[in-house]
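A.B. asks: Below is a structure I'd like to ask you about.
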Amino acid sequence: MATTVAVHLPQEELPTSWCNILPYLPSQLPPPLDPQTREPISPQKLERIFAKELIRQEVSTDPSVKIPEEVLEKYMSVGRPTPLMRAKRLEELLHTPAEIYFKNESVNPGGSHKINTALAQAYYNKDEGVARLVTETGAGQWGSALALSTTFFGMQCGVYMVKISYQQKPGRRIMMETWGAKVLASPSQNTRFGRELLRTHPDHPGSLGVAISEALEDTLSREDTRYSLGSVLNHVLLHQTIIGQEAKKQFESLDRYPDMIIGCIGGGSNFGGASYPFLCDKLRGKMKETRYVAVEPKAAPSTTRGVYAYDFGDAAGLTPLLKMYTLGHDYTPPPIHAGGLRYHGKAPSLSLLINRQVVESRAVHQREVFEAGSLFASATGIIPAPESSHAIKVAIDEALQCRRTGERKTIFFNLSGHGLLDLSAYDEYNTGKLQDFEPSEISFGH
């Protein structure tokens, strides 16, 4: 039996619009609030931070948004459409009647799905005359994608990389620097917020919330600079829907439709990108039997142990307040290797769908995640990113459930990136040094 079977989509069938879930949500999305007035924030107040077109997309209720030709060309240059693959040997090892499919987003030069929004954000900012983009990154996938995209569009790039990931994943830092980005470990001495945090907590491991605060402070210090975010906001998840739209066409060619769609969640971009085009079918009354499962780490369990409330997206309280599942913006997740999932909150659209029980959420431990990732690697030859392995863990669990019941389900998950720059984490797992982390108490909202 073949290890995997790939379904390729011809480049001429690349989707030409992104899919917007906002008009199909079961209720109106609660608006972002101005941190000073606690009233819905004016889009004009965001123009110093984001490109105007991205702000427009953030609130758009158009069912689809046309992809600019230059972005489509760049998509094709980095390997879109990506293959839909069937993990036939994994099915055989699990003795399951289920069919397991995954979208392989690891095949572009950056190695993850993050390039889909990085290219779009770089394009819109360049089009508006912005010279420099600044961002944060957890494990480095997002920072790598933005560094590559800004290089393509002739822009400068600054990246605040969460310190624990900066130390664990030097390969990602080197990749970003090779593409011309300036990378700093966060918290850093480069911002007022970073210096103050290091003064009181010199060994602070960093978090995405801290790195976002530093990136925003940096952005506001230079007129030629705008901020770029890799997850959470509507326009980011919008750009990622190229994944699910391609997958829908690929499943149609197989005369299949997923019974279950699974993705890991840090902020929600790869889960939203893979699932939202299918979820639009569900929310319009089609294919209601499909289940949607979002998987987070037990070390940062915002949807399974957090509260659904307004909170800041960053640690310093600089961002607008977003209605989302959150652990509190001052929560510092333990140093798990899935750095892209070490975030205190979730995308507002995803949070609403989980709150309305349209999407299920689960939390899993780090060691069982690496066990699943290692099994997947032995079956397919692909070493998955620790983030992606959260989805693989639940896909395997569901396939084993099908073995017990005899159900012939079609299981689909998004392989959001490869783990070739996470091998030190696999070494820890292989040598029995990997630890599980789970907070004993979460105080936000209590």
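Each value in this text was obtained by applying a stated rule to the coordinates, not by laboratory testing. Note that the coordinates shown come from a computational prediction; the quantities given were computed from them, not determined experimentally. FYI the Cβ positions are ideal-geometry reconstructions off the backbone, even for glycines, and counts take in every protein chain you see.
A.B. asks: Over the alpha-carbon set of region 267-347, divide Rg by the Kirkwood Rh and report the Rg/Rh ratio to two decimals. Please list the in-between numbers first.
C.D. replies: Values: Rg = 14.3 Å, Rh = 13.9 Å.
Using Cα coordinates only, the ratio equals 1.03.
A.B. asks: While we're looking at this one, here's another question. At 7 Å along the Cα-to-beta-carbon direction for both residue 427 and residue 189, put a label point, then send me their distance in nm to one decimal.
C.D. replies: If labels sit at residue 427 and residue 189, their model points lie 2.9 nm apart.
A.B. asks: If I histogram all Cα-Cα distances within region 58-143 using bins 10 Å wide from 0, what percent of pairs lands in each bin?
C.D. replies: Calculated over all Cα pairs of region 58-143, the distribution is 14, 33, 32, 15, 6, 1 percent.
A.B. asks: Let's see if you can work this out: charge +1 on each Lys and Arg Cβ, -1 on each Asp and Glu Cβ, no other charges. What is the dipole magnitude of region 20-171 about its Cα centre, in debye to the nearest 20?
C.D. replies: 380
A.B. asks: Please express the shape of region 334-386 as an equivalent ellipsoid: the semi-axes are the square roots of 5 times the eigenvalues of the C-alpha gyration tensor, given largest first in whole angstrom.
C.D. replies: One finds semi-axes of 26, 14, 10 Å for region 334-386.
A.B. asks: Compute the distribution of all C-alpha to C-alpha distances in region 360-446, in bins of 5 Å from 0, and list the percent of pairs in each, rounded to whole numbers.
C.D. replies: Calculated over all Cα pairs of region 360-446, the distribution is 3, 13, 21, 22, 17, 11, 8, 4, 1, 0 percent.
A.B. asks: Evaluate the Debye formula for region 182-318 with equal point scatterers sitting on the alpha carbons, no solvent, and hand back log10 of I(q)/I(0) at q = 0.15, 0.21 Å⁻¹, in q order, two decimals.
C.D. replies: Each listed q maps to, in turn, -0.87, -1.27.
A.B. asks: Report, to one decimal in Å, the Kirkwood hydrodynamic radius for region 71-223 based on all distinct Cα pairs.
C.D. replies: One over the average 1/r among Cα pairs gives 16.8 Å for region 71-223.
A.B. asks: Would you list, by chain and number, the lysines whose Cα falls below 30 Å from the Cα of residue 52, excluding same-chain residues fewer than 8 positions away?
C.D. replies: Within reach: 66, 74, 114, 126, 182, 323, 346.
A.B. asks: With the convex hull built on the Cα atoms of region 160-202, state its orientation-averaged projected area in nm².
C.D. replies: 2.9
A.B. asks: Over the chain, what relative contact order in percent results from Cα pairs under 8 Å that are six or more residues apart?
C.D. replies: Normalised by residue count, the contact order of the chain is 20 percent.
A.B. asks: Next question. With Rg and the Kirkwood Rh both taken from Cα atoms, where does Rg over Rh land for region 226-307?
C.D. replies: 1.01
A.B. asks: Please work out how much length the chain gains when fully extended from residue 304 to residue 397, using 0.36 nm per residue of separation minus the C-alpha to C-alpha distance, in nm with one decimal.
C.D. replies: Stretched fully, the residue 304-residue 397 segment lengthens by 31.7 nm.
A.B. asks: At R0 = 25 Å, how high is the FRET efficiency between residue 11 and residue 255 if r is their beta carbon distance? Nearest 0.05 is fine.
C.D. replies: 0.65
A.B. asks: Follow-up. Express in whole angstrom the spacing between the alpha-carbon centres of region 318-340 and region 348-367.
C.D. replies: So the separation of the two Cα centres works out to 15 Å.
A.B. asks: Determine the distance separating the Cα centre of region 23-80 from the Cα centre of region 189-207; give it in Å without decimals.
C.D. replies: 31
A.B. asks: If you average over every viewing direction, what projected area does the convex hull of the Cα atoms of region 230-275 give, in nm²?
C.D. replies: Spelled out: convex hull of the Cα atoms, projected over all directions, averaged, 3.1 nm².
A.B. asks: Stokes-Einstein D for the chain at 25 °C, 0.890 mPa s, Kirkwood Rh over Cα pairs, in µm²/s?
C.D. replies: Values: Rh = 21.5 Å.
The estimated diffusion coefficient comes to 114 µm²/s.
A.B. asks: In whole Å, what are the Cα extents of region 1-112 along the three principal axes, biggest one first?
C.D. replies: Dimensions of region 1-112 along the principal axes of its Cα atoms: 61, 33, 25 Å.
A.B. asks: Antiparallel DSSP bridges in the chain: what percent, to the nearest 5?
C.D. replies: 40
A.B. asks: Shifting gears a bit: Calculated from DSSP H runs of 4 or more alone, at -39500 (n - 2.57) each and per residue, what is the 222 nm mean residue ellipticity of the chain, nearest 500?
C.D. replies: Taken over the chain, the calculation gives -11500 deg cm²/dmol.
A.B. asks: Right, next: Spin-label point model (7 Å from Cα, Cβ direction): what's the residue 204 to residue 286 distance in nm?
C.D. replies: With each label point 7 Å from Cα toward Cβ, the separation is 4.8 nm.
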